[in-house]
Structure formats: C-alpha cells, structure tokens
Amino acid sequence: MKYKNAIIASLAIAGIAAGVLAVTAQGSTSRLDTVKKRGKLICGVNATLSGFGFLDSNGKYSGFDVDFCRGVAAAVFGDASKVDFVSLTAAARFTAIQSGEVDVVFRNTTFTSSRDGDVGVDFGPINFYDGQGVMVKADSAAKRIADLAGATICTNQGTTTEQNINDYFRQRKLQIKVVTYQDFNLVMAAFNQGRCDAVTTDSSGLASQKATSADPSNYRILGEVISKEPLAPFVAQNDSKWRDVVSWTVYSTIYAEELELTSRNIDAAKTSTDPVVRRFLGLEGTSGKGLGLSADFAVDIIKAVGSYKEIFDRNLGPKTKLNLPRRQNANYEQGGLLYSPPFR
Amino acid sequence: MNSQMQASVPFYRDVKKLALIAQVVFLVVVVLLIALVINNINLGLKKQNLNFSFDFLNQTAGFQVAEGTAFGVPYDSSSDNYFKVVFVGLYNTLRVAVTGMILATVLGVLVGIGRLSSNWLVGRLALVYVEILRNTPVLVQLFVWYFVVILGLPAISKAQPILGVYLSNSGLATPWLVQKPDMPNFFPVTIIAVLIGLAVFAFFSNQRARTGKPTPAGWYAIAAWLLVQIIGFFALGQPLEYGAPVRGNFGVTGGLQVSPEFTALLIGLVVYTSSFIAEITRAGIQSVNKGQTEAARALGLGYSETLQLIILPQALRVMIPPLGNQYLNLTKNSSLAVAIGYSDVLNVLGTAGNQSGQNLQTFFIAGIVYLILSFTIAFLVNLYNSATRLRTR
Ligand SMILES: N[C@@H](CCC(=O)N[C@@H](CS)C(=O)NCC(=O)O)C(=O)O
C-alpha cells in the first residue's frame with residue numbers, strides 16, 4: 001500500500017495548488033469590496049505606544065491611530081465596532097500591507113517618497129505632523145543634540161529615525177554609535193539600564209514614552225527637532241477606490257472641526273440650512289455614493305469617533321497624560337496645517 | 001477475452017505501475033506548484049508595481065551599524081553602499097557563530113562528562129544545568145543575559161579600570177594591538193595563521209595516531225600560529241600598534257572593544273547550545289562499549305587518560321552528525337540578535353530593506369545567506385565525519 005500515501009500526498013498538494021490558483025485569480029477587485037464582503041475591517045496599528053496605539057491588559061485597543069481605524073469602519077459599515085486590530089512592529093508594517101494581511105495601517109508612519117515609490121504602498125492624508133527628537137536622562141550633561149557627539153544613541157528597527165540621526169551627526173562631522181532594537185520597549189529597557197546615552201524617535205513617541213513611564217521626571221526631551229515626520233495611513237498600491245475611503249475618512253474628521261461639528265451636535269445639525277453642512281451630512285449631493293459608501297458616511301464617522309479635535313483631545317490632549325500641544329496639528333484656521341478639501 | 005485478462009493485469013491492479021504513476025503525478029504536481037508560486041509572486045509584484053531588482057545594493061546605505069568593522073575593514077556610513085553593509089552584517093553573524101560553536105562544544109563536552117560523573121553532586125548539577133537550559137526558550141535566555149546580567153554591570157562612568165581593562169554595561173574595553181588606519185589590513189594574516197595552526201595540529205595528531213608516540217600537537221599548532229602572525233606583522237610593515245581604552249564624555253574609546261550585545265548573544269547561544277551538546281556527549285560516551293573502559297583501566301590508564309585516549313575518540317564518531325545539527329541551530333538562532341540590538345546580518349538587512357524600500361529583496365538575500373551558511377556547516381561536518389569514520393580493513 002506504499003503508493004496510497006503518494007496518491008494522498010499528490011491530492012493534498014493539488015488541493016493547495018488549487019487554493020493558490022484561487023488566490024491568484026482573485027485579482028483586481030478593490031479592497032473596499034473585500035472589506036465589505038468580509039463584514040469587518042482589519043486595521044494595522046501600534047500596540048505599545050500609549051496615546052497612538054495601545055493594547056491594554058483587557059485586550060482593548062485605544063489611541064489616536066486606533067480611533068481613525070474605527071472611523072474607517074464607521075464609514076464602510078456605519079458601525080465603528082466592525083474592526084479587528086493587528087499589532088504591527090515598525091519593521092513589519094509594510095509587508096503586512098503588501099501581503100494583504102491588513103487592509104490599512106494607521107501606525108505613526110512617516111510619509112516618504114521611497115515608501116511611496118519603492119515599498120509599494122500608497123499613503124492617505126497626513127493625520128499627524130511630527131518631527132524626530134532626542135530624549136536623554138534628566139541628569140545628562142547634554143543640553144543640545146550636538147552635545148551627544150561620541151554617545152551611544154538607541155532606536156528601533158525599521159524606522160526613518162535610523163537614517164535621520166546618522167544624517168544629523170554626519171553633516172556636523174561628529175561621531176555617534178547607533179544601537180538598533182526590534183521595538184521601542186526594548187529600546188527603553190536598554191536606555192533605563194544605562195546602555196544608551198540617549199534615545200531617538202518621533203517627538204510624539206518620546207512624549208508618550210516619557211509620560212507613561214514610572215517616573216517621567218527621569219527623562220528630558222531635548223528642544224530640537226531634527227526632521228520632518230508627517231504621519232499618515234497607508235494602503236496597498238494601485239487601489240485608489242480603497243484609498244479614497246481612507247482619505248475621506250481622515251478628511252471628514254478635519255472638515256467636521258472646520259464646521260464645528262462634533263459627535264454630540266451632529267444629529268442636531270441635520271436641521272441646518274447651510275448647504276455646506278448639508279452636503280457634508282449627505283443631505284444634498286452624491287459624494288458618499290461616488291466613494292462607494294453611504295450618503296451619510298461622514299455622519300457615521302463623526303458620531304462614532306468625533307471630529308479631529310475630539311480625537312486629538314481624547315487621546316493626546318490636555319486631559320491626557322501626554323498633554324501634547326496642537327501646534328502644526330491645529331486646523332489651518334488656527335494657524336496649523338490641517339486642511340480638508342471641501343465635501344461637494 | 002478471458003485469456004487476455006489473465007495474461008495482463010490491468011494497470012490499476014499492478015502495484016509497480018501504480019507506484020510509478022503515483023510518482024509521476026507527484027512530480028508533475030510539485031513542478032506545477034512551484035510554477036504557480038513563482039507566477040503568483042510575479043503577479044503580486046506586478047499588482048503592487050514592484051520590480052524585483054538588486055540595483056539598490058550599489059546605493060549609499062547612510063545608516064550606522066553599531067559594530068561596523070568587517071574583516072578588518074571599517075564601514076563608513078557616509079560613502080559605503082548597501083552591499084558593504086550586508087557584508088558587515090554577515091561578518092558579525094560569522095563572528096558570533098564561529099566563536100559560539102567552539103565555546104559551546106568545549107562547554108557542552110565538559111558538562112556531558114559531568115553528567116556521567118560518579119560524583120553525585122557534579123552529576124546532579126550537570127543535570128540541572130542541562131534541564132533548565134534545554135527547556136526554556138533561547139530568546140528568554142538572551143533577554144536575561146543581556147538586560148539582567150550584562151546591562152546589570154556598573155555604568156561605564158562608574159567603572160574602575162583593572163590593569164587598563166574596563167568592564168561595564170557598555171561592554172569590555174581592553175588594551176590591545178589595534179590596526180593602524182592607513183596601513184595594510186592585518187586581518188587576513190590572522191585568518192591564515194589560524195588555518196595554518198589548525199593544519200599543523202591535524203598533521204601532528206595524525207602522526208600520533210600512526211606512530212603511537214605522543215606529540216604535543218597543541219603546542220606545535222600554537223607555535224605555528226604565532227610564527228605566521230609575527231612574520232605577517234613585519235612583512236606588512238608593522239600595521240598594528242598598541243592601543244589602550246581612554247575615558248571620554250560618553251564611555252571609553254580605543255583599544256579592543258567587545259560590545260555588551262555581542263557578549264550577551266555569545267554567552268546566550270553558547271550556554272543554550274551547550275546543554276544539547278552535553279546530552280549528545282553523554283549519549284556518545286554511553287554508546288562506547290563498557291569493555292573499552294575496563295580494558296583501558298586494566299592496562300593501567302587513569303580516569304582522564306581513559307576518557308581522552310579511549311572513550312572520547314570513539315564517542316566522537318557517534319557525536320558528529322548530531323553536533324552538526326547543533327551548529328546549524330546555533331547559527332540560525334543567532335538571527336535573534338535584533339532583539340538585543342546586535343547587528344547581525346538579519347538585523348542589518350532589516351534596516352537596509354526598510355531604508356531602501358526593498359524589503360522583499362533583503363528577505364531574499366537573508367534566505368540565501370542562511371542557506372549558504374547552513375550548507376557550508378553541513379559540508380564541513382560531513383567532511384570531518386568521513387575523515388574520522390571507522391575504517392574497516
Ligand atoms: N515615524 C517613524 C517612526 C515610527 C516608530 O516606529 N515609532 C516608534 C516610537 S514612536 C514606535 O512606534 N514604537 C513602538 C514600538 O516599536 O512598538 C517611521 O515611520 O519610521
């Protein structure tokens with residue numbers, strides 16, 4: 001009966017082959033259709049960065065980026081709870097999109113030309129303007145970043161930060177040593193053990209690490225910002241239909257702030273006579289349908305997660321541990337950089 | 001019709017033919033599957049607008065590597081390309097793997113002998129050592145070695161040098177003969193010296209086996225190694241100079257520096273692997289017929305002579321194939337380096353892939369690199385195995 005095994009093995013392999021074929025054949029539908037069919041959004045986030053993406057001990061995700069994921073789910077399904085989160089390290093986030101493991105990634109990711117071009121992802125609108133900073137121990141002699149010549153600086157792998165910090169010192173003809181770890185928890189562990197003289201990453205990340213540490217007064221964030229880190233969501237390349245959904249979700253939150261709409265007053269706004277508001281709420285015009293969503297998708301988003309201001313305040317604002325200023329992340333009307341294209 | 005049926009068995013009843021058909025079907029399916037996978041990769045790449053090219057290897061890498069000297073040549077992040085960076089990573093992997101294999105073998109054999117010791121305490125200690133290390137994940141062990149043990153050493157600012165040697169949580173810094181910057185690279189000399197030393201050792205050990213006369217093969221080997229180094233040193237115009245670590249604002253510079261990441265990874269891999277090698281050694285020794293020990297004792301050989309001259313050489317034959325497996329494991333486990341910040345080839349490739357946006361290619365390179373490393377180890381082990389195989393006359 002030797003040959004029986006061989007036949008079974010062949011059949012099994014043929015089955016796998018058929019499976020591969022089926023996957024291949026799936027081809028060119030938009031991710032939006034896949035998501036709708038699945039009935040759930042799969043969103044890649046950070047699980048260890050309090051304020052942006054954090055998985056608590058009850059298995060619940062929270063944070064700025066997490067709320068945007070919920071917003072996308074609300075836009076597609078009218079139900080912000082229809083989302084599964086996948087926690088991604090910095091190094092794994094792009095392959096997670098390329099392989100189709102997740103639909104969209106909101107994970108404090110810097111929008112750069114090489115990621116757009118070479119990596120094969122497409123970015124949505126910038127939802128947080130950031131820059132790279134450096135943090136030292138409170139008792140460090142370093143007052144400015146340049147004082148760290150000769151120092152050991154630690155960061156996490158797979159980020160823009162490795163190159164930025166090297167550029168900064170290279171340009172000033174100063175030497176440093178960079179030690180790179182798999183994720184930022186390990187970076188902080190090594191920093192706390194005295195292996196690193198400083199750590200570097202996005203300023204927001206530093207603020208989060210400092211604020212959520214056992215004793216924030218142990219650390220000092222140096223004043224300078226050495227790079228531009230515009231953080232944006234991204235999706236797989238060449239799927240503009242799906243990217244549109246992600247983009248207009250982010251814009252909805254920004255536009256809502258411009259119109260002074262919030263999760264609390266949006267129902268009442270339905271009686272508004274202002275055509276701009278009426279179009280945003282889907283009472284006039286057909287913008288939602290063109291995007292493959294319901295006419296009132298923006299209402300679903302704002303009801304579920306609120307305007308940009310509400311999302312910011314809830315996760316990063318003065319009432320939180322992080323207490324970040326709005327600065328560039330204020331609306332353009334307040335002198336910031338946030339600006340939504342009109343809904344019309 | 002009846003007679004025909006009897007003359008030829010239908011193919012679906014003929015076991016031999018069926019087996020052949022099954023094999024052909026199997027082969028076709030495998031080939032088809034491979035073609036499908038390749039096709040699928042191509043489609044996926046096309047869909048994402050990616051092209052699978054390795055041109056990026058010529059571009060300037062522009063990021064730092066903590067341990068950036070490969071084969072004696074320092075890496076310069078402002079001008080060196082990705083290709084060079086991969087090489088640096090490869091060197092770091094080789095460094096920890098080769099040192100690790102040697103130390104793990106020594107430690108493992110000692111513990112394995114300890115397991116069989118007639119001394120109750122030694123035997124129990126060896127048993128506890130083996131069971132604890134073998135049954136906990138190597139990643140957890142690495143974290144303990146790195147974050148608890150090595151980084152638990154005093155900070156460099158507080159470390160007191162002993163005879164010019166600093167031991168701190170920034171690693172070990174010791175006075176050493178270091179490469180002069182603008183002189184020929186001394187590294188190849190060191191490698192050649194080691195190889196010649198090994199050859200000398202092999203030659204004289206062999207001679208002992210043939211003639212039975214004890215020769216101090218180890219001493220000859222060391223002498224040869226030293227001689228080659230000295231000749232190389234003068235032939236290259238004295239490219240080394242004395243360097244001692246000096247304290248700066250941040251840590252120490254100069255001399256020979258061994259990083260805490262390297263140390264922790266090395267200790268972690270050595271200790272973990274040694275627990276498996278100990279078991280292999282024990283099994284090897286137990287596989288040697290007890291009569292051999294008794295005969296050796298009867299001839300008046302002591303315990304350690306019996307072990308060294310009679311038991312271990314015979315045990316080695318059984319031990320070599322599983323030892324080879326452990327060497328492969330150690331090399332592959334070294335890819336956990338990124339968890340504790342050591343710049344091995346996978347760590348460096350990860351950064352390179354991210355920096356250049358060529359993740360797929362860098363994963364591909366990583367696969368090839370580990371494949372080549374594994375094949376090389378397997379090849380060398382097989383070579384040694386056939387050289388020491390029992391020859392029947
Ligand atoms: N924005 C940068 C850095 C992103 C990044 O990885 N940031 C760190 C620190 S803010 C982080 O998310 N750490 C959490 C982790 O590694 O688990 C990039 O896109 O490369």
With N residues in chain A, what two-decimal value do you get for its Cα radius of gyration over 2.2 N^0.38 Å? 1.12
Bounding extents of the protein assembly as shown in its principal axis frame from Cα atoms, largest first in Å, are 110, 101, 52
GNM result for chain A, Cα springs below 10 Å: residue of A:Val305, A:Val136, A:Val119 fluctuating most strongly: A:Val119
Could you tell me which of B:Gln286, B:Ala378, B:Val348 has its Cα farthest along the dipole of chain B towards the positive end, charges placed at Cβ (Lys, Arg +1; Asp, Glu -1), taken about the Cα centre? B:Gln286
Neighbours of B:Tyr166 by Cβ distance under 15 Å: Lys/Arg at +1, Asp/Glu at -1, summed charge +3
Once whole DSSP H runs in chain B are found, which of them have Cα atoms spread over 24 Å or more along the helix axis and a mean Kyte-Doolittle score of at least -1.0? B:15-47, B:82-115, B:187-211, B:217-235, B:260-287, B:312-333, B:359-388
If you put +1 on each Lys and Arg Cβ and -1 on each Asp and Glu Cβ, how big is the dipole of the stretch A:275-344 around its Cα centre, in Debye rounded to 20? 180 debye
Give, ordered by residue number, each residue of the stretch A:114-146 whose 1.4 Å probe accessible area is reduced by a minimum of 50 Å² on adding the remaining protein chains to the chain alone. A:Asp118
If the only charges are +1 at each Lys and Arg Cβ and -1 at each Asp and Glu Cβ, what is the size of the charge dipole of chain B around the Cα centre, to the nearest 20 debye? 1380 debye
So who's got an amide H within less than 5 Å of the one on A:Ser307, skipping anything under 5 residues away but keeping other chains? H placed 1.01 Å off N, in plane. A:Ser263
Just how far, in whole angstrom, is the stretch B:288-351 from the stretch B:28-82 if you go by their alpha carbon centroids? 35 Å
Pop out the carbon and sulfur fraction of the accessible area of the stretch B:224-366 as a percent, whole number, probe 1.4 Å. 63 percent
Using the Kirkwood formula on the Cα atoms of the stretch B:232-339, what hydrodynamic radius do you get, in angstrom to one decimal? 18.2 Å
Within the under-13-Å Cβ sphere about B:Gly248, not counting B:Gly248, Lys/Arg +1 and Asp/Glu -1 give a net charge of 0
Rounded if a/c is under 1.5, else prolate if a/b is larger than b/c, else oblate: which is the stretch B:207-256, with a ≥ b ≥ c the root eigenvalues of its Cα gyration tensor? oblate
Output the Kirkwood hydrodynamic radius of the stretch A:178-253, Cα pairs only, in Å rounded to one decimal. 15.3 Å
Which value, in Å², gives the accessible area per residue of the stretch A:78-231 when a 1.4 Å probe is used on the protein heavy atoms? 35 Å²
Directionally averaged shadow of the stretch B:170-213, computed from the convex hull of its alpha-carbon atoms, nm²: 5.5 nm²
Using protein heavy atoms only (no ligands, DNA or RNA), what is the total accessible area buried between A and B, 1.4 Å probe, nearest 100 Å²? 4200 Å²
Rg ratio (alpha-carbon, reference 2.2 N^0.38 Å) - the stretch B:2-47: 2.02
Would you kindly work out the equivalent ellipsoid of the stretch B:335-393 from its C-alpha gyration tensor and give its semi-axes, the square roots of five times the eigenvalues, largest first in whole Å? 36, 13, 5
Of the listed links A:Lys37/A:Lys303; A:Lys177/A:Lys228; A:Lys37/A:Lys241; A:Lys36/A:Lys60; A:Lys36/A:Lys289, those spanning more than 19 angstrom between alpha carbons are A:Lys37/A:Lys303; A:Lys177/A:Lys228; A:Lys36/A:Lys60
On alpha-carbon atoms, Rg over Rh for the stretch B:262-306 using Kirkwood Rh? 1.26
Measure off, as a whole percent, the carbon and sulfur share of the 1.4 Å-probe accessible area of chain A, all protein chains present. 51 percent
Report Rg(Cα)/(2.2 N^0.38 Å) for the stretch A:132-227, keeping two decimals. 0.96
Probe radius 1.4 Å, ligands and nucleic acids left out: which of A:Thr200, B:Thr69, B:Thr293 has the largest accessible area, and how do the rest follow? B:Thr69, B:Thr293, A:Thr200
What part of the accessible area of the stretch B:2-47, given as a whole %, is carbon or sulfur when the probe is 1.4 angstrom? 70 percent
Helix-only [θ]222 nm of the protein assembly as shown, DSSP H runs n ≥ 4, -39500 (n - 2.57) each, per residue, nearest 500: -16500 deg cm²/dmol
Note the direction-averaged projected area, equal to a quarter of the hull surface, for the Cα convex hull of chain B, in nm². 32.5 nm²
Specify whether the C-alpha gyration tensor of the stretch B:262-393 places it in the rounded, prolate or oblate class, a ≥ b ≥ c being the square roots of the eigenvalues: rounded for a/c under 1.5, otherwise prolate if a/b is larger than b/c and oblate if not. prolate
Accessible surface, per residue, of chain B when the full set of protein chains is kept, probe 1.4 Å, Å²: 56 Å²
Choice from A:Lys60, A:Lys303, A:Lys36 with maximal GNM fluctuation in chain A (Cα, 10 Å cutoff): A:Lys60
Chain-alone versus full-assembly comparison, the stretch B:167-183, residues with accessible loss of at least 30 Å² (1.4 Å probe): B:Asn169
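The values are calculated or read from the model by the stated rules, or taken from the named source; none is laboratory data. Please read all numbers here as calculations on a predicted model, not as lab measurements. Cβ coordinates were reconstructed from backbone atoms using ideal geometry, including for glycine residues, and neighbour counts include every protein chain displayed. Only protein heavy atoms, including side chains, enter the accessible area calculation; ligands, DNA and RNA are left aside. Shrake-Rupley method; radii C 1.70, N 1.55, O 1.52, S 1.80 Å.
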